[in-house]
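Data block below; observations after.
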Amino acid sequence: MTSMTVRRPGWALALLAAAQLVYSLDINIVFVALPELAADLGFSDQTRQWVVSAYVVFAGGFLLLGGRAADLLGRRRVFVLALTLYAASSLAGGLADAQGVIVAARAVQGIGGALLLPSTLALIGTLFEEGPRRNRALAVWGGAGASGLTIGALLGGVLTQAFGWPAVFFVNVPPAAAIAVAALLVIPRDERDGTSRRFDLPGALTVTAGATLLVFGLVQGPELGWTAPAVTGAFVLAVASLAAFTVIESRGADPLLPFGLLRNRSLVVGVTVTFVFMGTFGTLPYFLTVLFQDVHGYSALETGLAFLVPSVAIASGTQLGERMVGRFGARRTLVAGFAAGVAGTAALAGGFGVGASFVTALPGLLVSGVGHGIVWTAMWIAASTGVAAERQGVANGMASMTLNLGNAIGLAVLTAVAGAGTGGEPLRAAVADGGRLAVLLAAAGMAAGLAVSLGLRTVRTSPPVRERAPDQMPSS
């Protein structure tokens, strides 16, 4: 499968950005409706987490498979399939009248997300040539994602309050369906490259099982306890499955994950950065939600309004990141973004206090938000640099999978830190102190991301780099 030629790149980019908006909107919108949903369907405090976990587990488990499917089956086909799954599962979620139905709908939604993210990034990587055009496309796509986070938080509060929790699922159906239909008209047909490649079924089964079990253990560990049989069993089976995957891929003629890709330093650094990014920047919304609602007592709508500040800062950072990569290169841009993140997040910790006001947190929200946006754009540029068109799907699947794992591991570690060592204090003060400690640890993690970014060679991503065959991958 070779690079595509698109007659209407602006319309294609608008569709890809709209798909990312739908994807990111769904991240926050369900959180706001979760208390009412749980009460209506009879979830307990212990079981309602599965409405969130079902999505996270299946999205994380199927990401690499989704990326490879985009390469083999066609990026447009997988993109349309993903949106169709999103629309159908959202409709089922809104109509759900039982716990099993809503959890199953969220699981299918997670699979849709696992197909959508890498196929969208693969389309950007093949529709827009490496260099300024792709950088700009990624910045627009990233800005749409930041907007989706804001809209999700605001819309979730408004819809839940006005129409009830099913509305947060129904709202996804029209845009997902419309984007899927429009993609058939705007995005070029998938082309065959004339080579015969088979689907690596053993590799697909082992990596999907391993990743799914690993995310399950990470998500359920804080809920069930790290020594619970279900959690330890999941980790043991995950290690066994991933070890089997490594053996299968090393011996396969057409592996799901070609190990030659790992010779691309830019991809390796990009993949590592996505992990660090989501384990640090990606955890901040959780702790901000706790700060706004549990410490300051904001309503769902007030919390959504409070998130306007970091969301606007993130959207601005995505645009700034694109310009910085073109001028300074990906390495310096990533370093600058992580440096802003460290400074802003450390300042943000000062806003975690029972007596602290929103104004106290404002400088940290702005600076860390800009750093967030800069790193978000630059890391995807790094992950796609020097990757042949026929490997864009699996490369972005790798980066997306480490993104998801970083979030699961980061939240597991930081929530454990936030809940430790605060016994005996008044509840609000304990929550505030725990959140402050977690945020400071996140800032330290961003410093580690800065160090990782220094491993990226100083290569500017313009002018465009010639596509290479998979066995001729560069080291940077």
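The values are calculated or read from the model by the stated rules, or taken from the named source; none is laboratory data. No experiment lies behind these values; they were computed from the predicted model shown. Here Cβ is always computed from backbone atoms with ideal geometry, including for glycine, and neighbour counts include all displayed protein chains. Remember, those area values only see protein heavy atoms, side chains included, never the ligands or the DNA or RNA. Shrake-Rupley method; radii C 1.70, N 1.55, O 1.52, S 1.80 Å.
Restricting the search to region 372-420, which residues are outside any helix (DSSP H, G or I) and either in contact with a Ser or Thr (Cβ under 7 Å, 6 or more places away or on another chain) or over 21 Å from Gly142 (Cα atoms) (or both)?
Those that are outside any helix (DSSP H, G or I) and either in contact with a Ser or Thr (Cβ under 7 Å, 6 or more places away or on another chain) or over 21 Å from Gly142 (Cα atoms) (or both): Thr385, Gly386, Ala388, Ala420.
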Which residue is surrounded by the fewest Cβ atoms within 10 Å (Cβ to Cβ), if the candidates are limited to region 385-419 and must be of a type in the set (Ser, Thr, Tyr) and out of contact with any Leu (no Cβ under 6 Å at 6 or more places or on another chain)? Thr415
Single unsatisfied condition, Ser89 versus (1) touching a helix residue (DSSP H, G or I) at 6+ places or on another chain (Cβ under 6 Å); (2) more than 16 Å from Ala176 (Cα to Cα); (3) without any contact (Cβ under 8 Å) to a residue 24 or more places away in the chain: (2)
Please verify whether Ala54 is under 23 Å from Arg189 (Cα atoms), assigned to a helix (DSSP H, G or I), touching a Gly at 6+ places or on another chain (Cβ under 7 Å) and modelled with pLDDT under 90, treating the condition exactly as stated. no
Working only within region 128-142, note down all residues that are assigned to a helix (DSSP H, G or I) and open to solvent by less than 10 Å² (accessible area, probe 1.4 Å). Arg134, Asn135, Ala137, Leu138, Ala139, Trp141, Gly142
So, in region 146-163, how many residues would count as being of a type outside the set (A, V, I, L, M) and open to solvent by 10 Å² or more (accessible area, probe 1.4 Å)? 5
When you check Gly455 against the structure, is it within 26 Å of the chain's Cα centre (by Cα), among the small types (Gly, Ala, Ser) and modelled with pLDDT of 85 or more, yes or no? no
Residue list for region 258-287, filter: over 18 Å from the mean Cα position of the chain (by Cα) and surrounded by fewer than 23 Cβ atoms within 10 Å (Cβ to Cβ): Pro258, Phe259, Gly260, Leu261, Leu262, Arg263, Arg265
Residues of region 342-384 being among the polar types (S, T, N, Q) and either touching a residue at least 60 places away in the same chain (Cβ under 8 Å) or surrounded by 24 or more Cβ atoms within 10 Å (Cβ to Cβ) (or both), in sequence order, are Thr345, Ser368, Thr377, Ser384
With the structure loaded, tell me whether Ser311 is part of a helix (DSSP H, G or I) and either buried (at least 24 other Cβ atoms within 10 Å of the Cβ) or among the basic types (Lys, Arg) (or both) or whether it fails that test. yes
What about Ala105, is it within 30 Å of Ala388 (Cβ to Cβ), part of a helix (DSSP H, G or I), in contact (Cβ under 8 Å) with a residue 60 or more places away in the chain and not hydroxyl-bearing (Ser, Thr, Tyr)? no
The number of residues in region 197-242 that are over 14 Å from Ala54 (Cα atoms), open to solvent by less than 20 Å² (accessible area, probe 1.4 Å) and in contact with a Leu (Cβ under 9 Å, 6 or more places away or on another chain) is 9
Being among the aromatic types (Phe, Trp, Tyr) and within 25 Å of the chain's Cα centre (by Cα) is the filter here, so list the residues in region 288-304 that pass it. Phe292
Output the residue which, of all residues in region 323-341 that are touching a Leu at 6+ places or on another chain (Cβ under 7 Å) and open to solvent by 20 Å² or more (accessible area, probe 1.4 Å), is nearest to Asp294 (Cα to Cα). Ala339
Within region 40-51, restricting to residues that are in a helix (DSSP H, G or I) and at pLDDT below 85, the one that is most open to solvent (accessible area, probe 1.4 Å) is Trp50
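Residues being aromatic (Phe, Trp, Tyr) and closer than 26 Å to Leu83 by Cα: count how many of those fall in region 23-44.
Total meeting the criteria: 2.
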Return a yes/no flag: does region 65-83 have any residue that is over 23 Å from Ala388 (Cβ atoms), surrounded by fewer than 24 Cβ atoms within 10 Å (Cβ to Cβ) and free of Cβ contacts under 8 Å to residues at least 24 places away in the same chain. no
Report whether or not Ala92 is under 25 Å from Trp50 (Cα atoms), surrounded by fewer than 21 Cβ atoms within 10 Å (Cβ to Cβ) and either aromatic (Phe, Trp, Tyr) or more than 18 Å from the chain's Cα centre (by Cα) (or both). yes
Given the structure, is Ala356 in contact with a Phe, Trp or Tyr (Cβ under 6 Å, 6 or more places away or on another chain), closer than 29 Å to Ile29 by Cα and small (Gly, Ala, Ser)? no
Consider Gly112 carefully, then state whether it is open to solvent by less than 10 Å² (accessible area, probe 1.4 Å) and over 17 Å from the mean Cα position of the chain (by Cα). no
